[in-house]
Amino acid sequence: MKRMLLKRLLQLLLMAWSIGTLTFVLVRSLPGDMAYRIAAERYGDDAITNAAADAVRAELGLQLPAWQHYLNWLGELLQGNLGNSLVSGDPVIDSLQHQLGFTLALVLGGLLVSLLLALPIGLLAGWQRDRLADHVSLLLSTLIRAQPVFSVGLLLIFLLALNIHWLPVAGFGELKQLILPTLTLGISMAAVSSRIIRNSTASVISSPYYQFARIKGLSRWQTFCHHGGRNIAVPVVAYLGIQTVMLIEGVIMIESLFAWPGIGHALSHAIFARDVPMIQGSALLMGVLFVLINTAVDGLCLWLDPRGQAT
Amino acid sequence: MKPFTLCATLLLLLGGCSREQPPSSNAELVISGPFEIVSQDPAEAGYIFTRMQVLETLVDVDPDGELQPGLASSWQHSADFRDWRFTIRPAVSFHNQTPLTSAAVANSLTIASHNPGPLSQIAISAIEADTTAADAVVHIRLEHPYRPLAAVLANYSTAILAPASYRADDQHVEQVIGTGPYQVDQLTMPHRLLTRRFDNYWGQQPAIASADYITGHRSETRALMLQNGQADIVYNLDPASVAMLQQQQHVRVSSVAIPRTIVIKLNNGHPLLQQLPMRQALSLALDREGIAAGILRVPEAAANQLFGPSLGQWFNPSIAAAERNLQQANQLLDQLGLDWPGASRWRLYQGQPLTLEMITYANRPELISIATAIQAQWADIGVQLNVLVDNSSAVPAGHRNGTLQTALIARNLASVPDIFALLLNDFRTPDGSGWGPMGWSSSALSGLLTQMENTTDPAQLRQLAQQASSLLAQQLPLIPVSWYQQRTGVSKQLQGFRFDPWERSFGIADMSIVKP
């Protein structure tokens, strides 16, 4: 485990440098005048003027060569400073702390809902492979996955906010405002993870070691607890890790639909505005999170299946 | 490390990320619009703070566009419009209970004049508090005559903040301390502004005690918030949401013409576009009524001139409706020698298909639909149009570097509530301005502007304005497509709602809530 953590720490450092460098190069390669882009985001469409763009260019030193900006960024990063947003002028770390908290609340809530839905459905479908429950679960999963997450969200709004008035449509600040976006995310995630659980369950319960446990006299419950749970969990945990990583970068539609102030929406604005420090900071933080989540998943998988230690 | 410890550490790390507690909405009035509060600086997001009536300007504007006293109770100017004296309203307090003084006003305006905005485009010699006058007076001296200065001081970027709002070293705005009927209670940038009534407001006390502004990124989300009762007013509705809200009993939709026009900006330096018959042909090929009815769903929005009916004296009712006439458009193009071989889909220019590029932007989603409609309509006269959807900044940037050919824009004509100021800015230099005509000049228009600069007679000003509008409609340096109608959804529980066509205020202080 220690070796794995050390390896991941080295990966983290390499990843921080490479992500920052890559985003810098990519953003700098995009067409369009950075000063105008930043002025548009700062002052709004109606107020972009040559004077505003010139003021931005002078203030931020955009006329300086790109390599100077890169070295400045690298120097600041080594001191643990992500710099200031080119649009708001505020420290990037402050914006990230604010926005990331909202995104993580959304993602963790979505993950919880997804597990609450996917575990029973997936286990039942796995136990009843090729029978009614399995077919119904497959049909529902396919129907939901075929919908863009946006339309699942709209359907839930119509049902829970407009018809029975249980929940607010959008916004943030109260726990009840988190329910609709997390339900939307959770249902969309569960549509896939329930099938992963189903397949894992079906594979484990048809395996020779599982059948042998039953033959040697263990009850269904004992067999499941001693030989099923952990073995089913390994691929599921690995998949949930990947799903969480994808979610952190992919919740933009949910944030936009439910007026939720998360990092996906902030990142898209930063890209439109060519807010390089904000993009670098967001990408860096996402990279760190990915490594941390993957490390946690690997650790969990090792705990579930210690045979992995040997490799 | 045990896996459990690792997971717990990770969760704690994640949970600790959000530093601040966002406000919960117990406000009496909830407003949602698409605008994000990117900063506390009036130059950047001042329009949110003036609309929420936190900040005020020296000069106010009534719905007809007439200037009214704001924080300045009156103002005078010298005969040559170079010396201006603004008398500051007495007994006005900032939200931090400090008094509004001429020194505070001069400080705020001086900072505004150094930031991008309409004030910085005027050559100012000095902004100073006049300590010799009996009343509090701010004296502004200009290097050149400038008649619309008072209108510029109605722009949100010139809103007056208390000296304590600014950081001492670099004048960065750290806190919004204004004089309006509402003060900032909690600000969660960029998505939320919670305000509460300011008890020491100099004017009439508002009935509504608190108001909450929530950024709703999507029009349909805002409409659903209103339908569900979560919001009381939602701004900038799309046609589909309007149709949905019109079926709700507890909601009404307000539709008001605003001083914003969708126009095709042309590079008048382009070898073809610099010729009037080419511009006329492109204009004649447009089906404006079809666009207004089919895309905007407001048939009366078809524009035959740049300045719409909401712009008072600048709207010229004698200009004929701009109807589609493909026959005449084709004749004009034929006369220009732009051949259209029978087998070809496009006319030829210098042996190549006649192709133009049009930049537009997605911030206003209707622009993309209109651009594609224009693409189809210009195809009917053999002109191939490539539509490029870019960031809005591509328009002024393309203007400056000369690469722009055409652009479809929604031009705000009211950022300064005097069209004269806008035209002066557009025609100050032969290059024009980023959102105005490009590479076009007219001695006739310059003559009219010079006359207006030296005239104070309202009847003559009106006549000159009408002549200027006619000239622009004939010469078509910008091709008008449609005027804007702002659609706002309002709860029927609200009394006193009025949409400000100049988009300076949400008018919260004039509203009250009637319980059903």
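Quick notes
- Near the amide H of B:Arg411, within less than 5 Å, lie the amide hydrogens of B:Thr261, B:Ile262, B:Val263, all on another chain or at least 5 residues away, with H placed in the peptide plane.
- Over chain B, Cα pairs under 8 Å with separation of 6+ residues give a relative contact order of 19 percent.
- Size of charge dipole - the stretch B:59-165 - debye, nearest 20, with Cβ of Lys, Arg +1 and Asp, Glu -1, no other charges: 200
- Accessible area that becomes buried as A packs against B, both chains, 1.4 Å probe, Å², nearest 100: 4900
- The mean count of C-beta atoms from other chains within 10 Å of the C-beta of residues in B:209-219, rounded to a whole number, is 3.
- Percent RCO, i.e. relative contact order, over the stretch A:1-142, from Cα pairs under 8 Å lying at least 6 residues apart: 12
- Across the stretch B:59-165, the mean sequence separation of Cα contacts (distance under 8 Å, 6 or more residues apart), normalised by length, yields a relative contact order of 30 percent.
- The stretch B:444-479 and the stretch B:116-178 have Cα centres separated by 29 Å.
- The mean count of C-beta atoms from other chains within 10 Å of the C-beta of residues in B:30-43, rounded to a whole number, is 3.
- The stretch B:59-165 - percent of accessible surface contributed by carbon and sulfur, probe 1.4 Å: 49
- Eligible aspartates and glutamates near B:Lys265 by straight Cα distance, threshold 16 Å, same-chain separation 8 or greater: A:Asp45, A:Asp46, B:Glu357, B:Asp390, B:Asp426, B:Asp431
- For B:Ser219, net neighbour charge (Lys/Arg +1, Asp/Glu -1) across residues whose Cβ lies under 10 Å away: +1
- Local electrostatic count at B:Val105 - Lys and Arg +1, Asp and Glu -1, tallied over other residues with Cβ under 13 Å: -2
- Rounded accessible area of A:Phe272 (nearest 10 Å², 1.4 Å probe): 120
- Global form of chain A, assessed from the alpha-carbon gyration tensor, a/c cut-off 1.5: oblate
- Taking all protein chains as shown and a probe of 1.4 angstrom, B:Thr131 keeps an accessible surface of around 130 Å².
- Average other protein chain Cβ within 10 Å of Cβ, residues A:163-169: 4
- Whether the stretch B:59-165 is rounded, prolate or oblate, judged on the alpha carbon gyration tensor where a/c under 1.5 counts as rounded: rounded
- Entry comment: accessible area of the stretch A:153-311 is 41 Å² per residue, from protein heavy atoms only and a probe of 1.4 Å.
- Solvent exposure of the stretch B:59-165 as accessible area per residue, Å², 1.4 Å probe: 40
- Coarse-grained scattering of the protein assembly as shown at q = 0.10 Å⁻¹, given as base-10 log I(q)/I(0) from a Debye sum over alpha-carbon atoms: -1.16
- Nearby aspartates and glutamates by direct alpha-carbon distance to A:Lys7 (threshold 17 angstrom, same-chain neighbours under 8 apart not counted): A:Asp298
The values are calculated or read from the model by the stated rules, or taken from the named source; none is laboratory data. In this text, all values refer to a predicted model and were calculated from it rather than measured experimentally. So basically every Cβ, Gly included, is an ideal-geometry build from the backbone, and we count neighbours across all protein chains shown. The accessibility values were calculated without ligands, DNA or RNA, using every heavy atom of the protein model including side chains. Shrake-Rupley method; radii C 1.70, N 1.55, O 1.52, S 1.80 Å.
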